[in-house]
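Data block below; observations after.
No value in this document is a laboratory result; all are computed from the given coordinates. All of these numbers come straight from a predicted model, not from anything done at the bench. Neighbour counts run over all protein chains shown; Cβ positions are idealised from the backbone, glycine included.
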Amino acid sequence: MTKCIFCEIANGRIPSIRIYEDNDFLAFMDINPVTTGHFLLTTRQHYAVIHETPDELLAKALPLAKRLAQAAMLGVGAAAYNLISNNGPESGQLVAHWHLHVIPRRRREELPLKAGEPADLTKLPFVADAIRANL
């Protein structure tokens, strides 16, 4: 494995502006923020994507993300937030270390997300079947 920038940050070898840390997690400001207050929540241990991350850690991650997001909203005067986890290069994941983007939002236009196209309702049940078959 090549050096992971998030592991380097977690180990203190690369500086970061940290907002939270404990034995399992680290939250630090994104250096390319989408909005003011955008930060990353990541595991200290290296796991490339969410499905490689142990369930025990993931069970702790969402309550922590909720707590941190609420603090961010109050801290930067935001009305809402997004939690985004990109998993794999095709999803837009730029650093192969699982993390959540916590993005405070003041206006919808700050992070343009649009709805998809209407689904073909004759094909949708088959897609659902394919997913269920792999549970």
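Provide the net charge surrounding Pro54, with neighbours chosen by a C-beta distance below 12 Å and charges set as Lys +1, Arg +1, Asp -1, Glu -1.
Around Pro54, the surrounding residues sum to -3.
What distance in nm separates the simple spin-label points at Asn32 and Arg18, each placed 7 Å from Cα in the Cβ direction?
For the pair Asn32/Arg18, the computed spacing is 2.4 nm.
Give a residue-ordered list of calculated ³J(HN,Hα) values for the stretch 68-73 (Karplus: 6.51 cos²θ - 1.76 cosθ + 1.60, θ = phi - 60°; whole Hz; x for Gly, Pro).
5, 5, 5, 5, 5, 4
Taking only the Cα atoms of the stretch 5-132, how large is their convex hull per residue, in Å³?
134
Would you calculate a helix-derived [θ] at 222 nm for the chain, using -39,500 (n - 2.57) for each DSSP H run of n ≥ 4 and dividing by the full residue count, to the nearest 500?
Here the helix-only value at 222 nm equals -8500 deg cm²/dmol.
Take the chain, connect every pair of alpha-carbon atoms lying under 10 Å apart with a spring to form a Gaussian network, then pick out the residue of Leu121, Leu83, Leu57 with the largest mean-square fluctuation.
Leu121
Provide the packing ranking of 126-132, 69-75, i.e. peptides ordered by the mean count of other C-beta atoms within 10 Å per residue, highest first.
69-75, 126-132
Using θ = phi - 60° and the Karplus relation 6.51 cos²θ - 1.76 cosθ + 1.60, list the HN-Hα couplings for the stretch 29-35 in order, rounded to whole Hz, with x at every Gly or Pro.
5, 6, 7, 10, x, 7, 9
If each of Leu74 and Arg106 carries a label point 7 Å out from its Cα toward its Cβ, how far apart are those two points in nm?
Label-label distance for Leu74 and Arg106, simple model: 2.0 nm.
When the Karplus curve 6.51 cos²θ - 1.76 cosθ + 1.60 is applied with θ = phi - 60°, which whole-Hz ³J(HN,Hα) does each residue of the stretch 5-22 get, with x for Gly and Pro?
For the stretch 5-22, the Karplus-derived couplings read 4, 6, 5, 5, 5, 4, 8, x, 7, 10, x, 8, 9, 8, 10, 7, 7, 9 Hz, x marking Gly and Pro.
Of Tyr47, Gly116, Met29, which is farthest on the positive side of the dipole of the chain, counting Cα position, with +1 on Lys and Arg Cβ, -1 on Asp and Glu Cβ, and the Cα centre as origin?
Ranked along the dipole, the leading option is Met29.
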